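The values are calculated or read from the model by the stated rules, or taken from the named source; none is laboratory data. These numbers were taken from a predicted model, which means no experiment stands behind them. Here Cβ is always computed from backbone atoms with ideal geometry, including for glycine, and neighbour counts include all displayed protein chains. These accessible areas exclude ligands, DNA and RNA; they are computed on the full protein's heavy atoms, side chains included. Shrake-Rupley method; radii C 1.70, N 1.55, O 1.52, S 1.80 Å.
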Amino acid sequence: MDALVVEDLSKRYGPTAAVDGLSFAVPKGSVCGFLGPNGAGKTTTLRILFGLTRATAGRAEAVGRVSGVLDRDGFHPARTARDELALAARRNGKGDADAALAKAGLEAVADRKIGACSFGTRRRLALAAALLAEPEVLLLDEPATGLDPHALRALRGQLRDHAERGGTVLLSSHVLDEVAATCDRVVVVAQGRRVAEGPLDALLAQRIRLRSPDAHELLGALKQNGLDATTDGPGTVIVSGADPDQVGRVVRDSRAILHEMSTQGALEALYVGITEAS
Ligand SMILES: Nc1ncnc2c1ncn2[C@@H]1O[C@H](COP(=O)(O)OP(=O)(O)O)[C@@H](O)[C@H]1O
Ligand SMILES: [Mg+2]
């Protein structure tokens, strides 16, 4: 079942087509990355899904309660973190500020004024406030921006939890490794249109990155077996359009020493490839 459907969505600002006939769907229970260069129309699409911006044409619908974090959190600098979460709880008619702070790992800043919180802390508070609404669909615009590694890990855990409980997440990002670690699906947009969509595994399995001190021999063996292999810097080989078993067998038979075989970093290659091609 799809928790979120965007169909033939367009948004024009005068002569600018911010979103231009965009279609995609996000199945319930998945964490979907929304990728694309600056100005691709990600924020506009999220704003339309939120009901903050009206579409010029097409539809964008989420099933169930929607909450999330876009650019502005609406927090008041003179209020404390706990005050803001208590206000959010009252607005939603449910939830507990201290429990939400604990869940987000933010007990230490409970009495800190918003104005004294770092950008990253403020983002985390905004997410905690959004989760208080117990949303079915969570929309996040660049949630990884400004977070340190601990906070990134906590964010990943929160999003996975949400999805495991049957919730759905759509998050825009430029941090491709973060997307690769957090999301099970991606939608890639450029100039307001979809250029790729699907399960991350399926998209990434098309590119496998190998690191080996015998990269030269490995490259030869892969090519000899009819695989589309190229080098990508010293000691690194990228194989396109092959399945991991097939690549693994060639590696074994070549007897090359392997330091790494992964789809990590492959997302970047895929992303750059498809956004440049479009
Ligand atoms: N309120 C607005 N008025 C005019 N143009 C806008 C407005 N919001 C966005 N745009 C334009 O629409 C395009 C898409 O913007 P945006 O959705 O913010 O992209 P992204 O979030 O992917 O960077 C950009 O060219 C941007 O300048
Ligand atoms: Mg944006």
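Listed conditions (1) at pLDDT below 95; (2) within 25 Å of Ile48 (Cβ to Cβ); (3) touching a helix residue (DSSP H, G or I) at 6+ places or on another chain (Cβ under 8 Å) are all met by Glu142, apart from (3). Residues that are within 16 Å of ligand 1 (Cβ to nearest atom) and basic (Lys, Arg) within the range 44-97 comprise Arg47, Arg54, Arg72, listed in sequence order. Looking only at the range 182-202, residues that are open to solvent by less than 50 Å² (accessible area, probe 1.4 Å), part of a helix (DSSP H, G or I) and out of contact with any helix residue (DSSP H, G or I) (no Cβ under 6 Å at 6 or more places or on another chain) come to 1 in all. Among the helices (runs of 4 or more DSSP H) confined to the range 1-106, the ones with at least 3 residues that are modelled with pLDDT under 95 are located at 81-92, 97-103.
Using the structure shown, decide if Val19 is near ligand 1 (Cβ under 8 Å from one of its atoms), crowded, with 23+ Cβ neighbours inside 10 Å and more than 15 Å from the chain's Cα centre (by Cα). It is true that Val19 is near ligand 1 (Cβ under 8 Å from one of its atoms), crowded, with 23+ Cβ neighbours inside 10 Å and more than 15 Å from the chain's Cα centre (by Cα). Restricting the range 99-122 to residues that are within 24 Å of Leu152 (Cβ to Cβ) and among the charged types (D, E, K, R), the residue that is most open to solvent (accessible area, probe 1.4 Å) is Lys103.
Count of the range 165-181 residues, restricted to those that are farther than 19 Å from Ala25 by Cβ, crowded, with 18+ Cβ neighbours inside 10 Å and not small (Gly, Ala, Ser), is 2.
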